[in-house]
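Below is one structure; the comments refer to it alone.
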Amino acid sequence: MTLAVRFETAHSQSQSNNVVGLLPGRKHADEAIVYGAHWDHIGTGAPDASGDRIYHGAIDNASGVAMVLEIARNLASRPRADRSFEFVAFTLEEVGILGSEYHAVNPVFPLAKTAAVIVLDGTFPIGQAHDFSNWAQTDTTLNDMLVAAGARRGRHFTPDAHPEQAFAFRTDHSPFAKRGVPPIFFQPGQDLVDGGLAKGSALVSTWLTQCYRRQCDRYSPDWNLSGNADDALLLADVGYALAASRLWPVWKPGNEFGIIRANSDAARQ
Ligand SMILES: [Zn+2]
């Protein structure tokens, strides 16, 4: 059997910026918990049926950026923690997680002193849920902290139902994780307080098939943001507990990134 393939590539250079906010720690300001979400989207393209040329990116990922801002506002309203918080709006996620890759290579805080990275991308405004998920690598003590913090708020953890999609390697936490930083790629739950899993998963799959990476990913007054508020508080709890502690979350035995983190741990001593 033979196969002939021909394809053309184009090369261009352009410039964009990550945007970083800092909330310095009281006692160990050189150590950080990083929260992030990508601010870029696809731009403009051929008009859709309604004539709209703009890819608004309202859920993917203005929603995630809005949650990071609200988490920052919440953490700034609490008594100052010992460690610092860094809030990053990453650029160039959609063209291959370039902004977060750049940031992981040129970090504000050394990765050995970054206790955790918590990323939000595409946070569905579908209302309060009994559950939540983490689509990053979950074989960490950081994930155990997330599960415990959720339980304290009466919520339970649902594993990534589609590991074959490899989301653990496809979004902005990944450049940090592969360099050893324990990650959370938070996902809202689909087991809704009002309507259960049947309604939640139907809403998410409808959006994925009709609006994901299309012009119709735009804001709607129908959005129910009550679940996003719950999720923001949960993630603020996790980061705050970590910032108030001397804990360094670790990878569990067998994870491929554990050895990198172990070297960071040694370097930190
Ligand atoms: Zn995204």
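The values are calculated or read from the model by the stated rules, or taken from the named source; none is laboratory data. Since the model is a prediction, treat every value here as computed from it, not as a measurement. In this analysis, Cβ positions are derived from the backbone assuming ideal geometry, glycine residues included, and neighbour counts consider all displayed protein chains. The accessibility values were calculated without ligands, DNA or RNA, using every heavy atom of the protein model including side chains. Shrake-Rupley method; radii C 1.70, N 1.55, O 1.52, S 1.80 Å.
When both residues are 6+ apart or on different chains and their Cβ atoms are under 6 Å apart, which pairs have a first residue that lies in region 165-190 and is on the phi > 0 side of the Ramachandran plot, and a second that is of a type in the set (Phe, Trp, Tyr)? What qualifies is 180/257.
Looking at this structure, is residue 151 hydrophobic (A, V, I, L, M, F, W, C) and in contact (Cβ under 8 Å) with a residue 40 or more places away in the chain? Talk me through it step by step, then tell me what you get.
Values: hydrophobic (A, V, I, L, M, F, W, C): yes; in contact (Cβ under 8 Å) with a residue 40 or more places away in the chain: no.
For residue 151, the condition - hydrophobic (A, V, I, L, M, F, W, C) and in contact (Cβ under 8 Å) with a residue 40 or more places away in the chain - is not met.
Among the numbered conditions (1) surrounded by fewer than 16 Cβ atoms within 10 Å (Cβ to Cβ); (2) farther than 30 Å from residue 30 by Cα, the only one that residue 245 does not meet is (2). Filtering region 164-197 to residues that are under 27 Å from residue 32 (Cα atoms), more than 15 Å from the ligand (Cβ to nearest atom) and charged (D, E, K, R) leaves 178, 179. Looking across region 117-139 at every residue that is within 16 Å of the ligand (Cβ to nearest atom), part of a loop (DSSP other than H, G, I, E, B) and open to solvent by less than 40 Å² (accessible area, probe 1.4 Å), the one that is modelled with the lowest pLDDT is identified as 122.
A count restricted to region 158-206 and to residues that are polar (S, T, N, Q) and buried (at least 22 other Cβ atoms within 10 Å of the Cβ) stands at 4. When region 144-167 is limited to residues that are out of contact with any strand residue (DSSP E or B) (no Cβ under 7 Å at 6 or more places or on another chain) and hydrophobic (A, V, I, L, M, F, W, C), the one that is nearest to residue 61 (Cα to Cα) turns out to be 166.
I want to confirm something. Restricting to region 95-115 and keeping residues that are out of contact with any helix residue (DSSP H, G or I) (no Cβ under 8 Å at 6 or more places or on another chain), assigned to a helix (DSSP H, G or I) and within 16 Å of the ligand (Cβ to nearest atom), which single residue is nearest to residue 243 (Cα to Cα)?
Selected residue: 99.
Do we have residue 142 as open to solvent by less than 50 Å² (accessible area, probe 1.4 Å) and touching a Pro at 6+ places or on another chain (Cβ under 6 Å) here?
yes
Report whether or not residue 4 is over 21 Å from residue 101 (Cα atoms), modelled with pLDDT under 95, open to solvent by 60 Å² or more (accessible area, probe 1.4 Å) and away from the ligand (no atom under 16 Å from the Cβ). Against the criterion (over 21 Å from residue 101 (Cα atoms), modelled with pLDDT under 95, open to solvent by 60 Å² or more (accessible area, probe 1.4 Å) and away from the ligand (no atom under 16 Å from the Cβ)), residue 4 does not qualify.
Can you find a residue in region 76-94 that is assigned to a helix (DSSP H, G or I), more than 22 Å from residue 257 (Cα to Cα) and of a type in the set (Gly, Ala, Ser)? Please lay out each step first, then the result.
In the first step, residues of region 76-94 are kept if they are assigned to a helix (DSSP H, G or I); the result is 76-77.
From the residues that got through so far, the ones that are more than 22 Å from residue 257 (Cα to Cα) too are 76-77.
Adding the requirement that they be of a type in the set (Gly, Ala, Ser) leaves 76-77.
So far as region 76-94 goes, yes, one or more of its residues are assigned to a helix (DSSP H, G or I), more than 22 Å from residue 257 (Cα to Cα) and of a type in the set (Gly, Ala, Ser).
Evaluation of residue 73 against the conditions (1) at positive phi; (2) part of a helix (DSSP H, G or I) shows that the sole unmet condition is (1).
Note on region 23-63: residues that are within 11 Å of the ligand (Cβ to nearest atom), of a type outside the set (S, T, N, Q) and assigned to a helix (DSSP H, G or I) amount to 3.
At pLDDT below 95, part of a helix (DSSP H, G or I), touching a Pro at 6+ places or on another chain (Cβ under 9 Å) and over 19 Å from residue 113 (Cα atoms) - does that describe any residue in region 193-206? Yes.
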